[in-house]
1. Look at segment 100-109 and say how many of its residues are within 17 Å of the chain's Cα centre (by Cα) and surrounded by fewer than 18 Cβ atoms within 10 Å (Cβ to Cβ).
2. Just the residues that are within 25 Å of M26 (Cβ to Cβ) and small (G, A, S), please, taken from segment 65-104.
3. Based on this model, can you work out whether E47 counts as in a helix (DSSP H, G or I), free of Cβ contacts under 8 Å to residues at least 24 places away in the same chain and not basic (K, R)?
4. Condition check: touching a helix residue (DSSP H, G or I) at 6+ places or on another chain (Cβ under 6 Å), under 27 Å from P223 (Cα atoms), of a type in the set (G, A, S) and at pLDDT below 95. Does G68 satisfy that?
5. Here is a check on your reading of the model: is G219 free of Cβ contacts under 8 Å to residues at least 40 places away in the same chain and either touching a Pro at 6+ places or on another chain (Cβ under 7 Å) or within 23 Å of T109 (Cα to Cα) (or both)?
6. Mind checking which helices (runs of 4 or more DSSP H) fall wholly inside segment 199-281 and carry at least 3 residues that are open to solvent by less than 60 Å² (accessible area, probe 1.4 Å)?
7. Could you check L152 against (1) within 17 Å of the chain's Cα centre (by Cα); (2) closer than 24 Å to S211 by Cα and say which number it fails?
8. As an exercise: evaluate Y168 against (1) part of a helix (DSSP H, G or I); (2) within 22 Å of P273 (Cα to Cα); (3) modelled with pLDDT of 95 or more; (4) open to solvent by 40 Å² or more (accessible area, probe 1.4 Å) and give the number of the one condition it does not meet.
Amino acid sequence: IFICFRHMEAPKPGFLGNLTPEQENMLEELKKRVAEYTEKRVAEGMELTEVQKELLEMDSMYLRFLRGRKWDLEASYNSYIETAEWRRNFQGIGVDNIDETMIENELKTGKCFMYKYDKRNRTIIYVRPRFHDPNQNTTEEMDRFLVWMTELGRKMLRPGVETGLVIYDMNGFGLSNMDYTQVKTQIRILESYYPESMGLTLIVNSPWLFSACWRLIKGWIDPVAAEKIKFISQAELTQYVDPDNLLKDYGGNDPYQFTYETVEERKATGYIPPWEMSWATEWRQEEKAKAEADSPTE
């Protein structure tokens, strides 16, 4: 059901479509063990959400844990189950029940938003630390915001794409924006519960004072993930993002400026958040229409 993109690439080793026989066997064994665990938990009274049911059917999700745990089957299984339980119990409400209204204070800051796709059709996530105030919102809302944005990123993935591109704009960053506690939390959540989710992180406009912060932060990051983080000039962004899809503020042609209105506010204004704009919805509508056209009729 894949639609043609300008930059379709052969799957990398360890991804769907390019697995060794041993990796295929490990995938099937992991799926079998997770299914057995899930059946047991359901028999005990656990109810699965629609998202949980969807994730259980995604081979790509099992492979994330296998790759992230260096193809150690036992470690992959334990990590998958730990993640499943974490998703169900997160902050007493569960990951799937985080509502936009629960993170509106964080969204209003403009510190992070998604907009369009890069040359490899990865979702572009813009992060602007200058808008982060460690004392502005509660730690709980910051954590919910991180998880909600990560879940949104998963939903924004186009067919055949499994990772995103993060652009960290350090322009205007000062030590008052540095939040080591939140950085550690982000690293722990992303590495533990969302393995293999980052395709590439590009850091631009980095001031000299961030170099000392980075030396400390880099030591907390898995070395494989750290290799996917690059410091580049803003002018180099067009090597990764087509100018028509890159914001004008970063040397591209798109004049979009992120703003946010709450769910209640936009009832009166008609405001459309970026994740509901045509760039994020048209391809899904096309996919749905194609799938329905390809489905056998009775």
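The values are calculated or read from the model by the stated rules, or taken from the named source; none is laboratory data. Just so you know, these numbers come straight off a predicted model, no measurement behind them. Counting neighbours? That spans all protein chains shown, and the Cβs are built from the backbone with ideal geometry, glycine included. SASA here: full protein model, heavy atoms, side chains in, ligands and nucleic acids out. Shrake-Rupley method; radii C 1.70, N 1.55, O 1.52, S 1.80 Å.
1. Residues flagged as within 17 Å of the chain's Cα centre (by Cα) and surrounded by fewer than 18 Cβ atoms within 10 Å (Cβ to Cβ) within segment 100-109 amount to 1.
2. Listed by number, the residues that qualify are G68, A75, S76, S79, A84.
3. Working: in a helix (DSSP H, G or I): no; free of Cβ contacts under 8 Å to residues at least 24 places away in the same chain: yes; not basic (K, R): yes.
Answer is no for this residue.
4. Values: touching a helix residue (DSSP H, G or I) at 6+ places or on another chain (Cβ under 6 Å): no; under 27 Å from P223 (Cα atoms): yes; of a type in the set (G, A, S): yes; at pLDDT below 95: yes.
It is false that G68 is touching a helix residue (DSSP H, G or I) at 6+ places or on another chain (Cβ under 6 Å), under 27 Å from P223 (Cα atoms), of a type in the set (G, A, S) and at pLDDT below 95.
5. Details: free of Cβ contacts under 8 Å to residues at least 40 places away in the same chain: yes; either touching a Pro at 6+ places or on another chain (Cβ under 7 Å) or within 23 Å of T109 (Cα to Cα) (or both): no.
Criteria not met by G219.
6. Values: elements: 210-218, 223-226, 266-269.
Of the helices (runs of 4 or more DSSP H) lying wholly inside segment 199-281, those with at least 3 residues that are open to solvent by less than 60 Å² (accessible area, probe 1.4 Å) span 210-218.
7. Unmet condition: (2).
8. Result: Y168 passes all but (1).
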